[in-house]
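What follows is a set of notes on a single structure, which appears directly below.
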Amino acid sequence: MAAALPGRAAAMAAGGRRAVYPLFQLGGPQLRIFRPNFFMLAVRPGVPQPEDTVQFRVSMEMTKVDIKNYLEKIYNVPVAAVRTRIQYGANNKRNHKNQRVKKPDYKVAYVQLGKGQTFQFPNLFPEKEQDEEAQSFDDFRKKYLEKEQQIQKGDPRRGGVPDWFGL
């Protein structure tokens with residue numbers, strides 16, 4: 001049924017999520033703004049990456065060429081290479097009806113920046129320096145825990161027999 005409908009109606013019948021842009025017409029209005037229908041989210045990598053590599057979570061419809069053009073045209077970032085992979089969502093949860101619930105899949109892009117460009121993910125929560133009072137409390141706590149462990153060790157003369165086993 002959706003195939004019989006013209007352009008916009010077919011897109012709305014298919015779910016209506018994708019933006020449908022008007023067709024280019026010769027002599028028509030030339031001042032149109034085309035905003036991308038994609039998203040790119042910079043994420044902190046789970047494993048260390050080279051300094052010139054940035055990890056993004058991108059839309060499943062984006063290709064490597066789309067990612068490169070997106071960064072170069074919109075943000076003026078020189079891109080040397082783009083690698084992508086699809087991360088499959090976990091399928092091990094169950095809902096209240098005992099039906100399997102799958103997390104959605106997503107695409108991950110590794111963008112290698114141009115020559116001489118580096119990227120360091122910002123440290124949003126830096127470690128705070130401890131004042132003397134907190135440091136003295138930590139020392140007291142450490143001494144207390146060492147003393148408790150010494151007490152729990154037991155008598156070395158018993159040869160490994162626990163204290164509760166009376167002789």
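The values are calculated or read from the model by the stated rules, or taken from the named source; none is laboratory data. Everything quoted here is computed from the prediction, not taken from an experiment. All Cβ positions, glycine included, derive from the backbone under ideal geometry; neighbour counts span all protein chains shown. Accessible surface is based on the protein model in full, side chains and every heavy atom, while ligands, DNA and RNA are left aside. Shrake-Rupley method; radii C 1.70, N 1.55, O 1.52, S 1.80 Å.
Some observations on this one:
- Residue within segment 92-105 that is touching a residue at least 12 places away in the same chain (Cβ under 8 Å) and either assigned to a strand (DSSP E or B) or touching a Lys or Arg at 6+ places or on another chain (Cβ under 7 Å) (or both) present: no
- Yes/no for R94 being more than 23 Å from F39 (Cβ to Cβ) and of a type outside the set (F, W, Y): yes
- Matching option when the condition is in a strand (DSSP E or B) and of a type in the set (S, T, N, Q), among Q150, Q120, Q135, Q112: Q112
- Here is the figure for segment 95-132: residues that are open to solvent by 70 Å² or more (accessible area, probe 1.4 Å) and small (G, A, S) total 1.
- Residue count for segment 77-105, restricted to those that are within 15 Å of D66 (Cα to Cα) and not charged (D, E, K, R): 7.
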